[in-house]
Amino acid sequence: MDFESYFKDSLQSLQEEGNYRVFIDLERRRGSFPQAQQTDGDIRREVKIWCSNDYLGMGQHPKVLDAMHEALDSSGAGAGGTRNISGTTHAHVLLEQELADLHGKEAALLFTSGYVSNWAALGTIAAKIPGMIVFSDSLNHASMIEGVRHSRAQKVIWKHNDVEDLRAKLAAAPSNAPKMIVFESVYSMDGDIAPIKEICDIADEFGAMTYLDEVHAVGLYGPRGGGIAEREGLMDRLTVIEGTLGKAFGVLGGYITASAALCDFVRSFASGFIFTTALPPAVAAGAAASVRHLKESQSERKLHKERVEDVRGQLDKLGIPHIPNPSHIIPVMVGDPVKCKFISDTLLEEFGIYIQPINYPTVPKGTERLRITPSPLHSAEDIAHLVSSLGNLWERCKIARKNLAAQ
């Protein structure tokens, strides 16, 4: 077989479909988020980032940076190995304590990323409990899907956020089988939010565990940034709350919080935890500083909410179609992969705006979009420039607008 030709032909097909991903070379500037410099060969241009998951700009916060510098100076660069052998540091212990407290749980367990935390925790829990049936929301993240698949447990997929379908599927399962309901709070591509209370009610009815992914909610919702479950007073009803340190907390890593026994169980059996090098102490210290700050400060969340509402309102004035939802994620709908890529490229080259196109397989074909994530650090001028630039490109691409008269 001509392997190189196969690779090249497959990539060529992606390019022709408009689904080929291009990495943009960006350098973030300390203290000036969302400003960055793009490098493209000999070209240097200043750009504004509008699609970052560093939702609150905490990756640039002085408290986070100071904590990382201090840990780097005191502990050095790396952790030195896996947590089991030589890689557990005091910074890891302190961060796990902060996370357990954040979610009102007995314990927490750190992983190298949110993807790994889902893959390792779900893969271990579902594999080790005999006869486990996993009930997975149809729009769960790839990391959750892979964790369940890796476990080889029986899987039942229920319609997205449809509690009646979930109840029907649980009722159809053997009554004596152990069950786990796996879902997210904020879904990252459409920005909709799960009916957590109703899911917990059903879990109680059928004696099921609950596993909630809060990666797009931690730091952003709740009085201390504990997520949607904290905002709605439901954290105590969830068996496992999983989160990330790489989005609103602005650093790196993933985690689960749960009972001490469950966290110890995953720590003791999950290969994705046992056999990987621990987070560097400086990363753990920076994450802990971010968590501590957002437990106390409301200003970032308040301003963030205002910026999101402002962007939505200005998009509506121009009839730029976006999915209405109760979260901070603004999916601007294009519906064509080639046009989506063209708009993304042109925003960068002509307007100095960086928004990556979201195409298949991340979203279904025909629902291609620009996923916009305003931050507290975007100014009113930034927002006006973004919306007017989109209006310009909507005209060029002849994309339908929403009915302005109906608004």
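The values are calculated or read from the model by the stated rules, or taken from the named source; none is laboratory data. What you are looking at is a predicted structure, and each value in this text was computed from that prediction instead of being measured. As a convention, Cβ positions derive from the backbone with ideal geometry for all residues, glycine included, and neighbour counts pool all protein chains shown. Just so you know, the surface numbers come from the protein's heavy atoms only, side chains and all, with ligands and any DNA or RNA stripped out. Shrake-Rupley method; radii C 1.70, N 1.55, O 1.52, S 1.80 Å.
Taken as a whole, the range 280-294 holds no residue that is in contact with a strand residue (DSSP E or B) (Cβ under 7 Å, 6 or more places away or on another chain) and either at pLDDT below 95 or basic (K, R) (or both). The criterion of at least 2 residues that are crowded, with 20+ Cβ neighbours inside 10 Å, in contact with a Cys (Cβ under 7 Å, 6 or more places away or on another chain) and not hydroxyl-bearing (S, T, Y) is met, among strands (runs of 3 or more DSSP E) falling completely within the range 90-171, by 107-111.
Might you check whether a residue that is small (G, A, S), crowded, with 22+ Cβ neighbours inside 10 Å and touching a Pro at 6+ places or on another chain (Cβ under 9 Å) occurs anywhere in the range 18-36? No: the range 18-36 contains no residue that is small (G, A, S), crowded, with 22+ Cβ neighbours inside 10 Å and touching a Pro at 6+ places or on another chain (Cβ under 9 Å). If we scan the range 203-213, do we find a residue that is of a type outside the set (D, E), in a helix (DSSP H, G or I) and open to solvent by 20 Å² or more (accessible area, probe 1.4 Å)? Scanning the range 203-213, I find at least one residue that is of a type outside the set (D, E), in a helix (DSSP H, G or I) and open to solvent by 20 Å² or more (accessible area, probe 1.4 Å), so the answer is yes. Here P178 clears all of (1) in contact with a helix residue (DSSP H, G or I) (Cβ under 9 Å, 6 or more places away or on another chain); (2) in contact (Cβ under 8 Å) with a residue 24 or more places away in the chain; (3) more than 17 Å from M144 (Cα to Cα); (4) not aliphatic (A, V, I, L, M) except the condition numbered (1). Just checking, does the range 384-393 include any residue being crowded, with 16+ Cβ neighbours inside 10 Å, of a type outside the set (K, R) and assigned to a loop (DSSP other than H, G, I, E, B)? No, the range 384-393 contains no residue that is crowded, with 16+ Cβ neighbours inside 10 Å, of a type outside the set (K, R) and assigned to a loop (DSSP other than H, G, I, E, B).
The one condition from (1) free of Cβ contacts under 8 Å to residues at least 12 places away in the same chain; (2) surrounded by fewer than 19 Cβ atoms within 10 Å (Cβ to Cβ); (3) not in a helix (DSSP H, G or I) that G222 does not meet is (2). Does I358 satisfy the criteria of being among the hydrophobic types (A, V, I, L, M, F, W, C), open to solvent by 20 Å² or more (accessible area, probe 1.4 Å) and within 24 Å of the chain's Cα centre (by Cα)? In short, yes.
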